[in-house]
1. In percent, how large is the relative contact order of chain C, given Cα pairs closer than 8 Å and 6 or more residues apart?
2. Tell me the Kirkwood hydrodynamic radius of chain C in angstroms, computed as one over the mean inverse distance between distinct C-alpha pairs.
3. What's the extension gain from A:Thr312 to A:Lys439 if we count 0.36 nm per residue and subtract their Cα-Cα distance?
4. Is it possible to state the helix-based mean residue ellipticity at 222 nm for chain A, with each DSSP H run of 4+ residues giving -39500 (n - 2.57), the sum divided by total residues, to the nearest 500 deg cm²/dmol? What is it?
5. By its C-alpha gyration tensor, with a ≥ b ≥ c as the square roots of the eigenvalues, how is the stretch B:102-316 shaped: rounded for a/c under 1.5, else prolate for a/b larger than b/c, else oblate?
6. Measure off 7 Å from each Cα along the Cα-to-Cβ vector at C:Thr56 and C:Leu27, then give the distance between these two points in nanometres to one decimal.
7. How many nm separate the modelled label positions at A:Arg389 and A:Val515, each set 7 Å beyond the Cα in the direction of the Cβ?
8. Please report how far the C-alpha centroid of the stretch A:217-281 lies from that of the stretch A:540-569, rounded to the nearest whole angstrom.
Amino acid sequence: MIGPHRSQLRAEGPRRTAMTNLRDDAPHPAPGRPLRRPAILGRLGMLAAAAVCLLGAAARDCRADGPVQGGTLTVGLASDTAIIDPSITGSSITALITRHVVDSLVGQAEDKSFTPWLAERWEVNADNTVYTFHLRRGVTFSDGTRLDAEAVAFNINRILDPKTTSSYAKSLLGPLDTVAAPDPDTVVFRYKQPFVPLLQGLSLPYLGIQSPTYLRDARSTTNTVVGSGPFILERYVKGSGSQLVRRKDYAWGPGFAAHTGPAYLDAIAFRYLPEAAVRLGALTSGQIQAIDEVPPANFRAVQADPRLRVVTRENPGVNWSLFLNTSRGPFADIRVRQAFQSAIDIPPLVKVAFFGSLKPADNILGPATLHYDPAVAHSWGFDPQRAARLLDEAGWTRTDPEGIRTKAGARLAVRFVYDVAFSGADNLTLVQAVQYAVKKAGFDLQLDPLDAGGFTARTAANDYDMASIYYVRPEPDILRTVFHAAYIPPNGANFSRVTALDAALTQAVGAPDAVRGGLYRQVQAEIIGSAYAVPLYVPAFQLGASKRLNGISWTANAKPSFYDAWLAP
Amino acid sequence: MPGSPRSRTAPAGLVVALQRLGVILSVLWAAATIAFVAIKAIPGDPVAILTGGENVVDAAERAALVARYGLDQPLAVQYARYVAHALAGDFGQSYQYRLPVITVIAEAAGPTLQLAGAAMVLALGLGLASALVSAGRRGWLRGVLSGLELVVLSTPVYWFGLLLIVLFSFTLGWFPIIGGDGIPALVLPAVALSLPLAALLAQVLRDGLEEALAQPFALTIRMRGVGEAALRLRHALRHAALAASTLAGTLFAGVLGGSILTETVFGRSGIGQITIQAIRTRDMPLLLGLVMLSALASVLINLSLDALYRRIDPRLRRAAP
Amino acid sequence: MTDMLAIIDRLRPDRGSPAPWHRPGLLVPLVPVLLLAVATAAPGLFTGLAPDAIDTDAILAPPGPAHGFGTDQLGRDVFARVVHGTSLSLTIGLGATLVACAGGVLLGLAAALAPPVVRAILVRLIDVFLAFPEILLALLVIVALGRGPANTLLAVGLSSIAGYARLVRSQVLQVVRSGYVEHAVALGEPRRTIILRHVIPNATRPLVVVATIGLGHAVLTASALSFIGLGVVPPVAEWGALLADGRNYLDTAPWISVLPATVVAVSVIAITILGRGLQDLLAGSDGS
């Protein structure tokens, strides 16, 4: 594995020397057995420093001693997933879990560069229509099947097959024409028109490679996954979680990882703990070692806890935004949309709702996204006079006794539809703060809470004024999913129902990098300028973790990977 | 008394059996029909669920999915097809989990039965104990126990569960709530689920006991020199049990309904979780399957209770010639 | 709901063993119930603060002189929200109970007096609905009708019809078997008259008591809907919504949920005791 090294990203990662010792000399402790007993440590042949650690020094001092083999990491998750096969779901929880079970052709490091993984190297032709991958040899799936070019092609063709009902994974492949395996070590992807985002898509677990033997035999793939990753999915139980065990003969980590060879942890247990108080309490009482979605109200307390820390990674992709329906109602008028945008003083509201733990958004894309344009930040902001002027111009000149603007007897009411299950309590706090703020400008913002089925029905029927969503992806092509006419509900998440950006977004998919940058700058400026959306904050993965947990690495899409992770005794 | 026609003459077992089968089938059919109508009346787009989460799908793919699941058929056809399949025990495939409905329910039933079983045992134990020690007595113990029962019955279950977790798991560290399927992790959810049921049982049992203890036979037995404990355990309890057994349906519903909230609070898998997910995502096949199975279960419970009454209560036996 | 009904179902008037909470009679529970009534009619008498006024300078303020119950995550006064929530929660509870009673009487009468085949099926259907958790039925109604206070009311009401229906049915059967109905039949009174004059009035009398207790339970069911996230629409203050919102701050700001929860529990207990007191009162007057 000859991936580029970015030591600054691995400030807390283990050192290579200690790791080599471990791998070469040490017998691996039996899986599933927590490594707390001195006997096992002794067997590992740890250095004298480890003995100091055993004698009762604080965990912080032990960290310097390098990775320790063994132990079970339990991670509490706020959300569940219905399907564990990453090729047929868009669930980010599935992505987080299966990142440890399936390998990808290429890896994407935190600095967005691509590294070898299952493919040792690759070539892309000049006009981005032919991608040739040269596979690493000797890789096997956990069921013993060989991972060769046929296996890769089988996976890709399965995703393209309509019978598979793959939707997100398929969308990542773009307009793929054919995938071929000319020899066991070579895979060729061919497009009829240029397509740039393929490498980024391939680096995600959604396009991870699963065992073709398993895929052929399985009557249903929704309940399990067989891959070539550092962990094996032992059990997945809906509504409860997933149990992963280490694969002992793993020898092909991604190029961005801190080590190669088998993982340090014996097992990872992902537990679904939807109640914020329960998730947090399980962490602070030491029953589990990590949680996602640290409740904002407890953010500071967790940071201040000597045994805990919060590790935050800002999401690349589309920020958490209110998408204004441009096709009907008050927001069909650009002036009303701009007035709404100008009526909100975003930073203080975000600070209140998230207790200062998240950054207010200044653009539709998060700063960690490729081709994010910082200049857009200066083009908009809180301006109550502008809001009032624009509403006057748009004919909303009168005000009713409650302070709501009216026009020809109609009140300036806008309905925000949302799915309760996917809009956390903090987002709701934020929206209530926005509701209170825009009322001063004369908007009656009405909350319209729905469940998943009701939400899709309402957005499909174009019966709403506002909806929200965010997408995690470092590749700006994600804007196409949110602003291309092909994805107007029910076909996707273009809640603004914008059609004006189709040409630019389509051209940017296949354009050379220099041209792409310009196109995406233009698109970002247009989205804010025409007030298609009001971005509110930059979502982040907020991992609360015990200080015993070390060596967490992060992928470019702001998801933690526990391949390099280890638990201090 | 659960309402079942008791004055019916039962000449031969076969006729009774056929009659009951008829009742079961018509109830199931009615339940299926009500559920079908209700679900079709609810707005929602099953294709969004079928395509899994991020919902990026083109029009052609959408049409293919709709056709594949028969959603383009007229409602009458969908209904006929559904009822025919359901009667044959085939509830179709869950949209959300993309597995046969039976498989999904069977998988979820395990943890729920564990939780429900533990909660039932606890509820019976606590309810019995509370009723036996306090029935017919005036004093602080009865006051405290009935007061506690009232508080438990008047506090929202989900909130109670949270308090239990914070107190016994996080603050005192007595029971883990994480720990997979082990018994220690079962304690708190079972307690949370059982307390309201125990309070309910205690009140009904106490009433039954007091009624029995006030009857002439109790006096006769006391005069024979039988101890108070023996009187309560051997004689009065039998009467009270009859009273409490009418609660079976209520308890069944209580456990099922309570498990929805308990499973959410404690992050356990089970029937409650999949039911709520099925409602939220309009997973029609799964929801219909759940309705049918719980209808079946309740009919079976009530029928076997009817049979049981005839055994426990001699008066009913005499009534049937 | 069914829990409470089951208790009442067992509590027949001839049972004479007053629990200790009956002794103070109706006076003790009357105090909180009167307070609730006043809060429902004129919340302004208790608090001058608006329930939805956001104050970003007083976020998660603990209980103190300025805010008796503290403030929530948006700096809203928790006491004002509880007081204003009283009106909505009790209206939902009362309305739901009325819906349930009306539906229960109709269904219960049918299940007792319809032709035998219909009767058998209705009886089993009532059993099925009793065995189906109310919270699920209520959820189904909510997703079908949409959210909002009126629909919450309907959902809670419709979902508890079965319990009332069973009670009415068993009362009807008791009345029918009683001596004076046999007497009326012997006198040749027409069936319709018997049902209207004797059966219905006698069978529905215990409903008053049951409904009082059911009211408390309806409030709890509505709050469970809010917990699942399908209750009233934010930022409306409703008891269940207050509990549900506050549970995320259980360790940082316990007052947001603990104080409203106490109010809910005390209210439900008071209403329940009042119902049982009524029960005893009626039993006494029956006996004399």
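Readers should treat all values here as calculations from the given coordinates under stated rules, not as data from a laboratory. This structure is a prediction, so every number in the text was calculated from the model and none was measured. Note: ideal-geometry Cβ built from the backbone for every residue, glycine included; neighbour counts use all protein chains shown.
1. Across chain C, relative contact order equals 26 percent.
2. Numbers: mean 1/r = 0.0486 Å⁻¹.
So the Kirkwood estimate lands at 20.6 Å.
3. Working: separation 127, 0.36 × 127 = 45.72 nm, distance 3.33 nm.
Result: 42.4 nm gained on full extension.
4. Working: 19 runs with 164 residues, N = 569.
So the helix-based figure for chain A works out to -8000 deg cm²/dmol.
5. Numbers: a/c = 2.72, a/b = 1.51, b/c = 1.80.
Taking the square roots of the gyration eigenvalues as a ≥ b ≥ c, the stretch B:102-316 is oblate.
6. Between C:Thr56 and C:Leu27, the label points sit 5.3 nm apart.
7. 3.9 nm
8. Cα centroid of the stretch A:217-281 versus Cα centroid of the stretch A:540-569: 14 Å apart.
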